[in-house]
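Notes follow once the structure below has been shown.
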Amino acid sequence: QVQLVESGGGLVQVGGSLRLSCAASGRMFSSYVMGWFRQAPGKEREFVAADSWSTLSTRYADSVKGRFTISRDNAKNTVYLQMNSLKPEDTAVYYCAADSRGNIWRTRYEYWGQGTQVTVSS
């Protein structure tokens, strides 16, 4: 069982930056694909970014490419999402997710955090 706790959300102005963190419990963190998803009010949850340490690969949604960066610190069992040049449409609850099955293209993850709110004001 893996527990995920997100932090770092908040209110930011258009063009600003935030860094989200997700601390994971359990062992074998480095073997998990770690992902970030988001859900805006009235919309379905959508993929944002994913990272696989095993294959040294990352993947991003087109809407965040060039603005967001996913990274991880395996020594701290933590994954990050650096968000720059934020837009009002980035406003959402952001969720961290973990999956042990090693496929960075998967959208159904095994473990999910509780989410952290990001609000971008114009």
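The values are calculated or read from the model by the stated rules, or taken from the named source; none is laboratory data. Please read these numbers as outputs of a predicted model, since none were measured by experiment. With ideal geometry, Cβ positions are generated from the backbone for all residues, glycine too; neighbour counts draw on all protein chains shown. Calculation scope for accessible area: heavy atoms of the full protein, side chains included, ligands and nucleic acids excluded. Shrake-Rupley method; radii C 1.70, N 1.55, O 1.52, S 1.80 Å.
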**Study point:** Calculated log₁₀ intensity ratio I(q)/I(0) where the Debye formula runs over C-alpha points of the chain, q = 0.10, 0.16, 0.17, 0.23 Å⁻¹
**Key:** -0.26, -0.68, -0.77, -1.39
Practice item. For the chain, with a Gaussian network of springs between Cα atoms less than 10 Å apart, report the residue from Ala23, Ala49, Ala97 with the top mean-square fluctuation. Key: Ala23
Point to revise | Ranking by accessible area, most exposed first, for Trp112, Trp105, Trp36 with a 1.4 Å probe | key: Trp105, Trp112, Trp36
Exercise for review: Choose one answer from Asp73, Asp90, Asp51: the residue with the largest mean-square fluctuation in a GNM of the chain with alpha-carbon springs under 10 Å.
Suggested key: Asp73
Point to revise | Mean Cβ count within 10 Å, highest first, over the residues of peptides 81-87, 63-69 | key: 81-87, 63-69
Practice item. Starting from the Cα of Lys87, draw a straight line to each of the lysines and keep only those under 19 Å, dropping any in the same chain fewer than 8 residues away. Key: Lys43, Lys65
Review point. What are the residues whose amide H is under 5 Å from the amide H of Gly115, where those residues sit 5 or more places off or on another chain and H is modelled from the backbone?
Key: Glu6, Cys96
Exercise for review: Mark the label point 7 Å from the Cα of Asn84 along Cα→Cβ and return the residues of the range 16-41 whose backbone N is within less than 15 Å of it.
Suggested key: 16-20
Revision key, fill the gap. To the nearest 20 debye, the chain has a Cα-centred charge dipole, built from +1 on Lys and Arg Cβ and -1 on Asp and Glu Cβ, of 140
